[in-house]
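Inspection log for the structure reproduced underneath, given as structure tokens.
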Amino acid sequence: MQEPSYPKSPPGNGTHQINEQTAGGTINEFGHHISFGEAVRVWLRIAILSFGGPAGQIAVMHRILVDEKRWVSENRFLHALNYCMVLPGPEAQQLATYIGWLLHGVKGGLVAGGLFVLPGF
């Protein structure tokens, strides 16, 4: 499977949708058909299921985002994970924030990162 090309940063601020129709539905400004509401529900599911340390959290994210939903390719997920492992700090939360940003810009990154740590409180 060929790796899809992604823009260097998501265009726009997430406030409008492009009216291009595909088999999967309306393509939004980030180049996919994943609605923000659906993404929030998935990030909440990941947050609820994520316990057991970073290895378990990353495995849950991989299973849901790559295997089940196919929102991110295997190559893109592993590339992002490798980058997050080099950065200081919690790699699982950084990975969630990055994928949220990739899917819905700053708003998606904030929601994904915030929901990811919410069960810890």
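Each value in this text was obtained by applying a stated rule to the coordinates, not by laboratory testing. What you are looking at is a predicted structure, and each value in this text was computed from that prediction instead of being measured. Don't worry about glycine lacking a Cβ; one is built from the backbone with ideal geometry, like all the others, and counts go over all protein chains shown.
Here, region 25-120 is characterised by an Rg to Rh ratio of 0.93, where Rg is the alpha-carbon radius of gyration and Rh the Kirkwood radius.
Backbone phi angles across region 98-113, fed through the Karplus curve with coefficients 6.51, -1.76 and 1.60 (θ = phi - 60°), yield HN-Hα couplings of 5, 5, x, 5, 4, 7, 9, x, 4, 4, x, x, 5, 5, 4, x Hz in residue order; Gly and Pro are listed as x.
Fewest-first ordering of 51, 116, 77, 36 by other beta carbons within 10 Å of each residue's beta carbon gives 51, 36, 77, 116. A straight chain from residue 79 to residue 59 at 0.36 nm per residue would run longer than the Cα-Cα distance by 5.7 nm. Counting 0.36 nm for each residue step from residue 69 to residue 27 and taking away their Cα separation leaves a gain of 13.5 nm. Projecting label points 7 angstrom from Cα along Cα→Cβ for residue 44 and residue 86 puts them 3.6 nm apart. Rounded to the nearest 20 debye, the dipole magnitude of region 31-74 is 100 debye, with +1 charges on Lys and Arg beta carbons, -1 on Asp and Glu beta carbons, and the Cα centre as origin.
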